[in-house]
Amino acid sequence: MLVPLELAMLARKNIHLSPELALGWRLGRYAHDWFDGLDQVRIAACGHEDILTALRRLARCPEQGSVTRPAGPRSWDILFLHHLTGTALKMVFLKRLTTLSPALKGLEGKLDDGDPEIVLMYQDGINELISTIVTADPASFCQFSEIRCRVVQLDAAKRPVRCPECLAQDIDRLVEVENHIRCPSCAGLEPEWLAA
């Protein structure tokens, strides 16, 4: 299986090439091309550590290697936010297309038995998944959504007491997301980036 040199170097540094490493790299490169670089783009990601490892390799903002790992659940798997324009790109993986099939997962418990046929079948399945992630259109295994947001500058006297969306009290900042006013926590973005 041929992989792009940049991904091969990342795999070598990471000691292995996994589907998750390929997924993080592929979607990071997609965002890089979409934003025309990642110099002004913050990145947040949930999930497997290899996905974060690949994204850290590409991250430049606020410093090289900086990727936020959210503490709680999010409505996205990877989030990119161009903080100068307020443009966000949300990515949600189609899990059935980005993870090993149940049949291949079932082989994992048999790998230590030393049966070369099982090992070869498992490796072929991993190689096929990685190849698909690297070569296929990312829209075939990931859902994308683009949103525009901006922090709303209101003085304390004009600021509502509650968030219009989640009704949280004592909010100190509001965010406009696609013409809807919300607090940073319910904006669907990474709240820390908008609360600062």
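Here are a few things to note about the model shown:
Yes/no matrix, rows are residues, columns are (1) over 25 Å from residue 185 (Cβ atoms); (2) at pLDDT 95 or above:
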| site | (1), (2) |
| --- | --- |
| 43 | no, yes |
| 55 | no, yes |
| 64 | yes, no |
| 70 | no, no |
| 74 | no, no |
| 85 | no, no |
| 92 | no, yes |
| 95 | yes, no |
| 104 | yes, no |
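- Residue 18 vs. criteria modelled with pLDDT under 95, among the hydroxyl-bearing types (Ser, Thr, Tyr) and within 13 Å of residue 133 (Cβ to Cβ): yes
- Close pairs (6 angstrom Cβ cut-off, 6 or more residues apart or separate chains): assigned by TED's automatic domain parsing to the domain that holds residue 24 and in contact (Cβ under 8 Å) with a residue 24 or more places away in the chain in the stretch 109-133, in a helix (DSSP H, G or I) and of a type in the set (Gly, Ala, Ser) anywhere: 130/22; 133/22
- The stretch 96-129, residues that are under 22 Å from residue 79 (Cα atoms) and surrounded by 10 or more Cβ atoms within 10 Å (Cβ to Cβ): 97, 98, 99
- Scope the stretch 1-18; condition within 15 Å of residue 55 (Cβ to Cβ) and either in contact (Cβ under 8 Å) with a residue 12 or more places away in the chain or not basic (Lys, Arg) (or both); matching residues: 6, 7, 10, 11, 14, 18
- For the stretch 149-192, a residue qualifies if it is part of a loop (DSSP other than H, G, I, E, B), at pLDDT 80 or above and of a type in the set (Asp, Glu), and the qualifying residues are 165, 178, 190.
The values are calculated or read from the model by the stated rules, or taken from the named source; none is laboratory data. Only a predicted model underlies this, so the values are computations on that prediction, with no experimental measurement involved. Note: ideal-geometry Cβ built from the backbone for every residue, glycine included; neighbour counts use all protein chains shown.
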